[in-house]
C-alpha cells in the first residue's frame, strides 16, 4: 500500500512539474521573452553578470551556475571555454530530462515556438528576434537539433545562435537549450 501511495504521489509531482512548464511557456510569453532578453543582454558581456559559483571543471571548460534562467528550466549553467582558439562562453539550460518521447517532443516544440515568438532588444532601434527552421522531432532519431539565428545586424549579436536539442537514450529523453556565439568552423577543417 505504501508503494502504491508513493508511486501515486511521485506521479502527481511529475505531472505538476510538467504542467507548470507548459503553463510558464504557453500562458506567459512575455515572462519567457523577458527572461530570454536578460540572458541575451548578458551574452554581450560574455555572461559575466549572471555567472555564479564554479560547479565543475572539464577538459578546457569551466562550468558555472547561472543566475538567470528561463521559465520551466530544471537547471542553467554557463560554460566558459579556455582554449587558444575559443575563449567565449555559452549559456545552457536543461528544460526536461528523463521523460517520454511524447512529453519531450512537446517541450521541444513549445520551447522552439517560444524563442521564435520572443521580441528581443538587441540595442537597436526596433526589437528583433530569432529565425530558423525547426527540425521536426522523430522518435527513431536520438538527436535532433534546431538552430535559431539572431536577426540583429549589429556586430555584437550577429553570430548569436539559440540551439534547442532533443536527445534520447533508451526510453529517457532530454531537452536542452543553449545560447552561444556561432563561429565559422569552416576555417578549421
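Label 7 Å along Cα→Cβ of residue 172; the stretch 60-97 residues with amide nitrogen under 12 Å? Label zone hits: 97. Multiplying the residue separation of residue 58 and residue 84 by 0.36 nm and removing their Cα-Cα distance gives an extension gain of 7.8 nm.
Could you sort the peptides 72-81, 40-49 by per-residue average Cβ neighbour count (10 Å cutoff), highest mean leading? Display every interim value, and only then the final one.
Numbers: 72-81: 19.5, 40-49: 16.9.
Peptide ranking by packing, descending: 72-81, 40-49.
If R0 is 30 Å, the Cβ-Cβ spacing of residue 126 and residue 48 corresponds to a FRET efficiency of close to 0.65.
Taking max minus min of the alpha-carbon positions on each principal axis, the stretch 41-90 gives extents of 34, 23, 15 Å, largest first. With an a/c value of 1.5 or above and a/b larger than b/c for the gyration tensor axes a ≥ b ≥ c computed over the alpha-carbon atoms, the stretch 91-172 is described as prolate.
All of the numbers you see were taken from the coordinates with simple rules; none came from a lab. The model shown is predicted, which means the values in this text are computed figures rather than measured ones. Every residue, glycine as well, gets a Cβ built from its backbone with ideal geometry; the counts of neighbours run over all protein chains shown.
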